[in-house]
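Here's the structure we're looking at; comments come further down.
Every read-out reported here was derived from the displayed coordinates using simple, explicitly stated rules and does not represent laboratory data. On a predicted model such as this, the values are computed, not experimentally measured, just so you know. Counting neighbours? That spans all protein chains shown, and the Cβs are built from the backbone with ideal geometry, glycine included.
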Amino acid sequence: MKAQDVARRDTVRFALAAIHNEAVAKRAELDDAAIEVVLRKQTKMRHESIDAFTKGDRPELAAKETKELEILESYLPKQLDEATVRAAAQRAIAETGATGPKEQGKVMQKLMPELKGQADGGMVSRVVSELLRPKA
């Protein structure tokens, strides 16, 4: 607030309101894991808004959402990069013995608990499907 960073102030206030609303809905104090879930939902909402504003030819609103996304992500643990996710996926594929795209669910079931909160589920799914896709 002292720095007069309006975007950060507003984004943090909005995130705190979302955390408060979740606590009221659950009628209990939220632990760190639950707060992280709320913040991840907020980042997902920002990603969806950025996509919508970009498709709607509203670059100024997309830029605002991008700034808010960066602020929210600064409060979350760093996400794993694609190379790390790919290595974990290859290990899970080897452990489950999956051989094709039909067994993606089995691999995801093994992999997601291991990567929960560390990697985006969409990216994990994409990497697993690429690895299970038959080589032509």
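Dipole of the chain computed with +1 at Lys/Arg Cβ and -1 at Asp/Glu Cβ about the Cα centre; of Q118, I71, L30, farthest Cα towards the positive end is Q118. Take the Cα of S74, step 7 Å toward its Cβ, do the same at A94, and the gap between the two points is 4.0 nm.
Estimated purely from DSSP H runs of n ≥ 4, each contributing -39500 (n - 2.57), the mean residue ellipticity at 222 nm for the chain is -24500 deg cm²/dmol once divided by its residues. Enumerate the lysines that K110 could reach by cross-link, defined here as Cα to Cα under 27 Å, with residues fewer than 8 away along the same chain left out. List returned: K41, K44, K78, K102, K135. Placing +1 on the Cβ of every Lys and Arg and -1 on the Cβ of every Asp and Glu, with no other charges, gives the stretch 27-73 a dipole of roughly 220 debye about its Cα centre. With a cut-off of 12 Å on the backbone N, no residue of the stretch 25-63 is near the modelled label site 7 Å out from L16 along Cα-Cβ. For the chain, the relative contact order comes to 20 percent (Cα pairs under 8 Å, sequence separation of at least 6).
Extension gain for A23-T54 works out to 7.9 nm (0.36 nm per residue, less the C-alpha to C-alpha distance). Listed from fewest to most Cβ neighbours within 10 Å, the set R46, R27, R91 follows the order R27, R91, R46.
Each Lys and Arg contributes +1 and each Asp and Glu -1, all at the Cβ; summed about the Cα centre of the chain, the dipole is approximately 260 debye. In terms of surrounding Cβ atoms within a 10 Å radius of their Cβ, V85, V128, V24 rank from fewest to most as V24, V85, V128. Note on H47 and L61: their simple-model spin labels are 2.1 nm apart, each label 7 Å out from Cα toward Cβ.
If you wrap the chain in the convex hull of its Cα atoms and look at it from every side, the mean projected area works out to 11.4 nm².
Taking Cα atoms only, the orientation of helix 32-55 departs from the longest principal axis of the chain by about 90 degrees.
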